[in-house]
Amino acid sequence: IMVTDTGGLGDKSFNDGTWNGLLRAEDELKVDIEYIISKEQTDYITNLTTAAKNGDVILGVGFLMADALFNVAPQFPDKKFIGIDISPSEGQTVPNNLALYTFKEQDGTFLAGYIAAAMNKTGKLGYVGGIRIPPVMRLELGFRAGIKAYNQLHGTNIELISGYAGAFDAPAKGKQMAMAQYEQGADIVFHAAGGTGNGVIDASKEKGSQFLNVKADASLTTIIDEYFKAGRGYFSIGVDSDQDYLAPGYVLASAMKRVDNAAFEGIKSARSARRFQSGETILSLADGGVSLSPMKYTKGFVPNKVFAELSYLEKLIAEGTLVIPGTDEAFGTFDVSSVQFPF
Amino acid sequence: MSQPEVNIKDYAIYMKDITKQFPKVLANNKVNLKVKKGEIHALIGENGAGKSTLMNQLYGLYKPTSGEIYIMGEKVEINGPKDAILKGVGMVHQHFMLVDNLTVAENVILGSEPKKGISLNLKKAREEVKKLSDRYGLYVDVDAKIEDIPVGMQQRVEIIKTLYRGAEILILDEPTAVLTPQEIEDIFEIMNKLRDDGKTIIFISHKLHEVMKISDNITVMRLGEVTGHVNVKDTNEKQLANMMVGREVVLRVDKPEKTPGEKLVKIENLWVKDNRHLDTVRGINFEIKKGEILGIAGVAGNGQSELVEALTGLRKIEKGNYYFKEKEISKYNVRELREENITHIPEDRFKYAMIQEYPNYYNMILGKHYLEPFAYRGFLQHENILKRSETLVKNFDVRPADSTIATGNLSGGNQQKVVISREVSAGPEFIIIAQPTRGLDVGAIEYVHNEIINLRQKDVAVLLVSMELEEVLSLSDRIIVMYEGQIMGEVKPEEVSIEEIGLMMTGNKLKDIKLSEDTKSHHGGDK
Amino acid sequence: MSWIEAIFTALISPLFYKLTILSALPLIFASIGGVFTEKTGVTNIALEGIMKLGAFTSTAFTFLTGNVWIGLLMGIISGAILAYLHAYVSIEWGADQIVSATALIILAQGIVGFLMVPVFNQEGQSDFVSKIPLVRIPAIQKIPFIGEIFGEITIFFYIAIVVIIASWYLLYKTPLGLRMRAVGENPKAADTLGVNVKGIRYFGVLMSGLLAGLGGVYIVLGDLGQFQEHMPAGKGFIALAAMILGNWNPIGAMWASLLFGAAEAMNIQLQTLLELPSEAKALLNLLPFILTLIVVGGFVGKTRAPAASGKSYEKE
Amino acid sequence: MPKVQSKNKWMPFLVPFFSVLVSLIIAAIIILLLGKNPLTAYAEMFKGAFGSRLSWADNITKMTSLLLTGLAVGFGFRAGVFNIGAEGQMAVGGIMATFVGINMGNVPAVIAIPLTMMAGILGGAVWASIAGILKAKTGAHEVISTIMLNWVAYHLSNYVVSGPLAVGQGVPKSPEIAQSAQLPPLLTVQASNVPSGILVAIVAAFVVYIVLQKTTVGYELKAVGYNPYAAEYGGISISKNIVLTMAISGGLAGLAGAIEVMCVYHRIFGAFTGSRGFDGITIALIGQNNPIGIIFSSFLISSLRSGSNAMQSVGIPDDIVTIIQGIIIFFVAANRIIKMWIMKFSKPVKGGELE
Ligand SMILES: Nc1ncnc2c1ncn2[C@@H]1O[C@H](COP(=O)(O)OP(=O)(O)OP(=O)(O)O)[C@@H](O)[C@H]1O
Ligand SMILES: Nc1ncnc2c1ncn2[C@@H]1O[C@H](COP(=O)(O)OP(=O)(O)OP(=O)(O)O)[C@@H](O)[C@H]1O
Ligand SMILES: [Mg+2]
Ligand SMILES: [Mg+2]
């Protein structure tokens, strides 16, 4: 049984993603699944308790549910609890029937930042944040790190124009911010802003199609043709889930957080007591916890050399040779100038 | 005095057996009114006799409970003012029906606007207003906003409104109530012109000498019924008064002799601004002694309201001194003034002096609600409050005699009693009373007048502001007349005529009047 | 770049003006709607709810029919329907207009939330739908500066110009407008002259529904192409502020809306131009709200509401 | 304009009661149109609200903050002020309570608890007073200024939990307040606590009742609300009372924030008010701005809310509860329609009648 946070299903983010993981589990592991949507914060404990009474494995989604989950889990020692995108607070001990999954968001956005820098033609990139909270800041840092890496490896000096909309539900603001950043010289804008980001994506579509002088609903092939004719274009980069389809040809890529994988893995491990791992698991690039979207529509824009470099960096990250910074201090000392591409 | 149906054709208006039942009041009971074409027909009666109600039915604002209306001999069904206007009826209401922030021309054409395509044709509107005002001598400033023009002009705008709509029958509901004697003369002239032009006029007034002067026929109402119908030639004021009230009326107040005591209140060079920040009271001086009534006469809007508000702390005193018992109190706020035992009966009692939603017992302590015995350490002492209220309700005959009823649910007259009883019994040393009898009927007026005299006998200093000249004249020991924020002169009531006061009210200084005058008819001589 | 420099750079950039206009458009529609209803004496603080329903309905119909014009039409009709409820209880039943409008705000939220899944198969937000294409006028595009602002712009910009001029004309130059102003100021006086007070008030409230609905439609079909449940995120209330600041006059409301739009555009421009720590950027978002507070606190004393606004009128 | 007054003393109870009834009927029709059985839906809802000790705990947790924000808004209404800003005041109250609460480590609970609570009250009061002062001094309409202050508070609380007070990596949240500043639960049902905040809230309701009905402060505040002209004439300062009203109203909302922190979350995070400040409007209106009425209406709404969670299980979107709320308030506004219906039904009894 899954309990959503107040975003509810349809958030195109962790709740939906987790649910997809559950659906996959239903399919492959033949388990019964159910969900309860929480409407407000005070619902968490109640809904988790209800879920614990009716099910064997209970998934709580979203970092706001942390406290509730820590309270409910010890009450039901014979049930298994999974927290998606939840980490323990300072000094909290994780009950031994609770497994937490978190993500190294910065790994994914690092790749996004790198590819954005590689595709950049103007010397400037854009970033629109939602509310300035730690996960969002990590997303930003990863993106910055990607740009920094590219700058160091290619001797470029690409800058980032950043802005915060102050809300996850202000698409109009997101759009205007992206427009301003395009105007200011950015050609690719990355968003970490939830619903606000949809405005960013719409801005890339509007700006991109205007620039290429194609209709708003032009086909992908037309867009690609015009892009190569013009030699450049305008893009956005999505976040959390694969948002490429929202504006095909204008969303360069999405830095995905694979909550579905986390949920699936969680359920799978919870089926046998032996494999159940209580405590916190941080999913990274290596575990498939984060990744770049398959770039279904935009692969054609990107030179193969860039993909090659990306794969190499991915490998370094997976090996642990390259650690993407998650804090400001780490970012300051982040340095990839020693990396040598084998080609 | 029932007339055969045949005569209907001769009447501009024939209202037959009109009955109007309000939820609690039978305002008109089988009223018959016949008005001949081309006459000025007066309709008189006490407050609440049902005059306005009757006219409102003729104008379509109320629907009669039963009865028939004939206009120009034709039976009509009037479902709204629109119908009445179509039938040639125009009405000038007791309370003006003007839109303050529109211009005169806009007010006149509202509802039957001249058009040019889909637009307003304001040019044509202005021309027509000018034409009408020239024809009947109704001078108005076409482009001025209503809120900026004096009442007299507003009155004329109301008349033009009816004429503009082609009214052949004009209803004027108490048109003279707010006018100066001179303005009244003007309006009578206009009415005569209109009559000469073939229009029919229904004229409502409480002032019997006016009625005698201007009208042809008179219908008298009392308690919702017609009590008489007379030709002006066959009657006199006294008879009319008796028909109105149903008994002999004593119109004069009995004021015992009294020598005023020491000086209590002194105003020196007082300046006050109005809401638009214009100087409205401009350097006023006067004194009031203990046990003395100082009356202030003047046309509304000449600074009386602002003066009263300044003296009661509701408005800032810009300049000048205000002494009470030799103490300078011009900076005191409302509460501090009340604590000096200065109380106030404001002119708009419904708006300013009571909280309609509060029960009587709460309204009876307003202003003293925080003082012992009504409050103790911030807690209301309901027992004491109720006791006080019950006493006042009994002494002042508030009906129904129920302290717990919400004041807003009382009749207008009784609401006033709540206010008056509270202020009068709050132990004032100086009381400021504005328009004490506005909206009251004869019985209540008698009562209030007696209360004011009683205060005087108890050595209270009284400042009385009233637009009713008769009232000021009969109650005051001394009278000052205000015009445009200044005092035109101070007179003793027994030494002045209504005409003289009227001249002062329109801006003539007392000394100028005295010079140009030889004959004078003293007040009371016409009674 | 220093603050002064950044502000100056913003002010000479055509984008600043374009963003100002785009931010102001929904406010212009809704605040003029507010002018209409208040001028006739009925307050309608439910603009927020009406915009939400308008945005939702237009998205839903565009989504279902694929035709943006049907979406546009249904969006404004839905706004009018919601406003009608307010008009009905306010005009016929003397309902407390603030309470009734509060009900509508909540009702709109409930209806929209309830219908998300049935209509869009998801909660929270809709898919992207088609938008009304931008209008490109090459002649204007060629003009420097001006061309960058108006050369290619949403059709709602032109609709707004028509709405502003037409409302001003209607209110101040036609018989209907005269009657509206009279009814909002002194309904009894208007009544005694045979003016249909109720009818005029219905007209005013319905216009507010149409226009606020249009404001909601713009957000989706003119701007973002997607409906989100939180829309319009307070714009309806800011439109009320614009109406008051604009002294209940369509032209004034337009200027006030542009002022709020400019505050938002300046926030965005400054964030883009200035290199500040991210927490400072986050706080720049307070700019429009604090500006509104200052403006409302500082200027409102000089504006004057229609005297009868918010008061029910009943005869005998 | 003559007010519709009812002679029936039960009318103040009957109107909200029938409003609720009518909206439940309308909602039932909607549910029916969805192809679901409204009876099962309502039964499920009832179970969700009262079916078990757990649901009671949930219900009362929800009721606590709703009661306080309802009181905040209702108090404002009584004094003629429309405080839409309970949301922001609650947020500021929560922030202030947290600021104080986290520093109460070595302070005994008898001092820490009142201190933390006071901080919340004060925070809300000061926040609301800004709007009060603007209204009193410049005439700025409180609806606009409180809405703007809501936004400012919203951004501020996001800033606080991600900046000065931020702890931990995952969650934008403040640290927990000290143990001594936490209000102990009344009762613990599994992981759910029945917060003792409910007692504070109910006490607050009675205090508000007494202030309004029995004190000169209440006399003056109501006078200003009913008729500012008459109040001023009676020596009551309008501007002072507007600011005071806003301060008390905001203090109650701030208390809601503090209680929420002290009882439920023990910390704050962004947007923790969850629009309960706005719910306060609903609750005040249904409770007819009467503190005792508000106790009942907050219980009604919290029950609907807890019940709506349970309705999900039979496939009915919980937004139906929002719709029900909207309809209830609509009928509270158009109470004359309801009165007319009541009268029609009670003709034979001949109770109330329109005046
Ligand atoms: N709208 C109303 N509802 C109920 N009763 C009313 C209404 N208007 C007037 N009345 C009552 O009808 C009666 C007649 O009032 P009306 O206004 O016609 O008196 P009037 O003769 O015009 O008095 P005045 O000389 O004061 O103008 C009064 O008793 C009054 O209380
Ligand atoms: N709806 C009402 N219900 C009860 N009494 C009313 C109502 N309307 C008016 N009255 C009372 O009827 C009396 C006369 O009413 P009306 O409205 O005609 O005022 P008025 O007497 O014409 O005013 P004025 O003081 O200018 O002469 C007043 O005492 C008023 O309080
Ligand atoms: Mg009358
Ligand atoms: Mg009358």
Completion exercise
A careful count of residues in the stretch C:92-103 that are facing chain D (nearest Cβ under 7 Å) and either closer than 26 Å to C:Thr59 by Cβ or under 20 Å from the mean Cα position of the chain (by Cα) (or both) gives 4
Handout entry: Residues of the stretch B:187-207 classified as in a helix (DSSP H, G or I) and either within 16 Å of ligand 3 (Cβ to nearest atom) or of a type in the set (Lys, Arg) (or both), total
Key = 2
Exercise for the section: Out of C:Pro138, C:Pro118, report the one residue that is surrounded by fewer than 21 Cβ atoms within 10 Å (Cβ to Cβ) and within 12 Å of chain D (Cβ to nearest Cβ). Expected result: C:Pro118
Fill in the blank from the handout: When the stretch D:181-201 is checked residue by residue, the ones that are crowded, with 16+ Cβ neighbours inside 10 Å, more than 13 Å from chain A (Cβ to nearest Cβ) and at pLDDT 75 or above are D:Ser196, D:Val200, D:Ala201
Problem - Conditions (1) modelled with pLDDT of 85 or more; (2) away from ligand 1 (no atom under 15 Å from the Cβ); (3) away from chain C (no Cβ under 14 Å); (4) in contact with a strand residue (DSSP E or B) (Cβ under 6 Å, 6 or more places away or on another chain): number failed by B:Lys87 - result: (3)
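Can we say D:Ile60 is assigned to a helix (DSSP H, G or I) and touching a Pro at 6+ places or on another chain (Cβ under 8 Å)?
Yes.
Let's see how each residue does on (1) at pLDDT below 85; (2) within 16 Å of ligand 2 (Cβ to nearest atom); (3) under 15 Å from D:Met148 (Cα atoms); (4) open to solvent by 50 Å² or more (accessible area, probe 1.4 Å):
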site: C:Ala242; (1), (2), (3), (4): no, no, yes, no
site: C:Leu245; (1), (2), (3), (4): yes, no, yes, no
site: C:Trp248; (1), (2), (3), (4): no, no, no, no
site: C:Ala282; (1), (2), (3), (4): yes, no, no, no
site: C:Asn285; (1), (2), (3), (4): yes, no, yes, no
site: C:Val295; (1), (2), (3), (4): yes, no, yes, no
site: C:Gly298; (1), (2), (3), (4): yes, no, yes, no
site: C:Gly310; (1), (2), (3), (4): yes, no, no, no
site: C:Glu316; (1), (2), (3), (4): yes, yes, no, yes
Practice task
Among residues belonging to the stretch A:118-135 that are modelled with pLDDT of 80 or more and buried (at least 24 other Cβ atoms within 10 Å of the Cβ), point out the one that is farthest from the other protein chains (Cβ to nearest Cβ).
Solution key: A:Leu125
Exercise for the section: Kindly establish whether B:Ile204 is within 16 Å of ligand 2 (Cβ to nearest atom), under 23 Å from B:Tyr14 (Cβ atoms) and within 14 Å of chain C (Cβ to nearest Cβ). Expected result: no
Fill in the blank from the handout: Taking the stretch B:7-66 and the residues there that are more than 21 Å from B:Ile169 (Cα to Cα), in a strand (DSSP E or B) and away from ligand 3 (no atom under 14 Å from the Cβ), the one that is farthest from the chain's Cα centre (by Cα) would be B:Ser66
Fill in the blank from the handout: Expected single match for over 19 Å from the mean Cα position of the chain (by Cα), under 19 Å from B:Met55 (Cα atoms) and within 16 Å of ligand 4 (Cβ to nearest atom) among B:Gly166, B:Gly224, B:Gly228 is B:Gly224
Practice task
Show the residue pairs that are 6+ apart or on different chains and have beta-carbon atoms under 7 Å apart, the first residue being within the stretch A:31-50 and assigned to a helix (DSSP H, G or I), the second being open to solvent by 40 Å² or more (accessible area, probe 1.4 Å).
Solution key: A:Ile45/A:Asn71; A:Thr49/D:Gln190
Problem - Candidates A:Tyr245, A:Tyr234, filtered to the one that is open to solvent by 10 Å² or more (accessible area, probe 1.4 Å) and under 20 Å from A:Asp16 (Cα atoms) - result: A:Tyr245
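Given the stretch B:336-445, what helices (runs of 4 or more DSSP H) lie entirely inside it while holding 3 or more residues that are over 18 Å from the mean Cα position of the chain (by Cα)?
Filter on the stretch B:336-445 gives B:360-363, B:382-395, B:412-424.
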Exercise for the section: Scan the stretch D:66-83 and give yes if some residue there is within 14 Å of chain A (Cβ to nearest Cβ), open to solvent by less than 10 Å² (accessible area, probe 1.4 Å) and farther than 22 Å from D:Leu244 by Cβ, otherwise no. Expected result: yes
Problem - Selection within the stretch C:168-182 - more than 9 Å from chain B (Cβ to nearest Cβ) and buried (at least 24 other Cβ atoms within 10 Å of the Cβ) - result: C:Met180
Completion exercise
Taking the stretch C:183-206 and keeping residues farther than 17 Å from B:Met97 by Cβ and crowded, with 24+ Cβ neighbours inside 10 Å leaves C:Arg201, C:Gly204, C:Val205
Handout entry: Residue count for the stretch C:208-236, restricted to those that are surrounded by fewer than 24 Cβ atoms within 10 Å (Cβ to Cβ) and under 13 Å from the mean Cα position of the chain (by Cα)
Key = 3
Handout entry: Residue in the stretch D:288-304 that is of a type outside the set (D, E, K, R) and facing another protein chain (nearest Cβ under 7 Å) present
Key = no
Exercise for the section: Identify all residues within the stretch B:90-118 that are in a loop (DSSP other than H, G, I, E, B), within 16 Å of ligand 2 (Cβ to nearest atom) and either more than 7 Å from every other protein chain (Cβ to nearest Cβ) or farther than 26 Å from B:Pro150 by Cα (or both); write none if there are none. Expected result: B:Gln94, B:His95, B:Phe96
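The rows are residues; the columns are (1) touching a strand residue (DSSP E or B) at 6+ places or on another chain (Cβ under 8 Å); (2) under 21 Å from D:Gly132 (Cα atoms).
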site	(1), (2)
D:Ala204	no, no
D:Val207	no, no
D:Ile210	no, no
D:Thr215	yes, no
D:Lys240	no, yes
D:Val243	no, yes
D:Gly254	no, yes
D:Val264	yes, no
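From the list B:Leu26, B:Leu86, pick out the single residue that is within 16 Å of ligand 4 (Cβ to nearest atom) and open to solvent by 10 Å² or more (accessible area, probe 1.4 Å).
B:Leu26
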Exercise for the section: Report the residue count in the stretch B:19-71 for those that are aliphatic (A, V, I, L, M) and more than 16 Å from ligand 2 (Cβ to nearest atom). Expected result: 6
Practice task
Identify the single condition in (1) more than 24 Å from B:Phe22 (Cα to Cα); (2) at pLDDT 75 or above that D:Phe345 does not satisfy, given that it satisfies every other one.
Solution key: (2)
Practice task
Hey, can you tell me all the residues within the stretch B:359-416 that are among the β-branched types (Val, Ile, Thr) and either surrounded by fewer than 20 Cβ atoms within 10 Å (Cβ to Cβ) or within 16 Å of ligand 2 (Cβ to nearest atom) (or both)?
Solution key: B:Thr391, B:Val398, B:Thr404, B:Ile405, B:Thr407
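Among the residues of the stretch C:71-91, count how many are more than 20 Å from the chain's Cα centre (by Cα) and either under 30 Å from C:Phe128 (Cβ atoms) or β-branched (Val, Ile, Thr) (or both).
Within the stretch C:71-91, residues that are more than 20 Å from the chain's Cα centre (by Cα) and either under 30 Å from C:Phe128 (Cβ atoms) or β-branched (Val, Ile, Thr) (or both) number 2.
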Exercise for the section: Quickly run through the stretch B:169-193 and pick out the residues that are within 16 Å of ligand 4 (Cβ to nearest atom), out of contact with any strand residue (DSSP E or B) (no Cβ under 7 Å at 6 or more places or on another chain) and among the hydrophobic types (A, V, I, L, M, F, W, C). Expected result: B:Ala177, B:Val178
Problem - Single condition B:Met243 does not satisfy, out of (1) open to solvent by less than 60 Å² (accessible area, probe 1.4 Å); (2) in a loop (DSSP other than H, G, I, E, B) - result: (2)
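The values are calculated or read from the model by the stated rules, or taken from the named source; none is laboratory data. All values derive from a computational prediction rather than experimental measurement. Glycine gets a Cβ as well: all are built from the backbone with ideal geometry, and neighbour counts include every protein chain shown. To get the accessible areas, we keep the full protein, side chains included, count just its heavy atoms, and leave off ligands, DNA and RNA. Shrake-Rupley method; radii C 1.70, N 1.55, O 1.52, S 1.80 Å.
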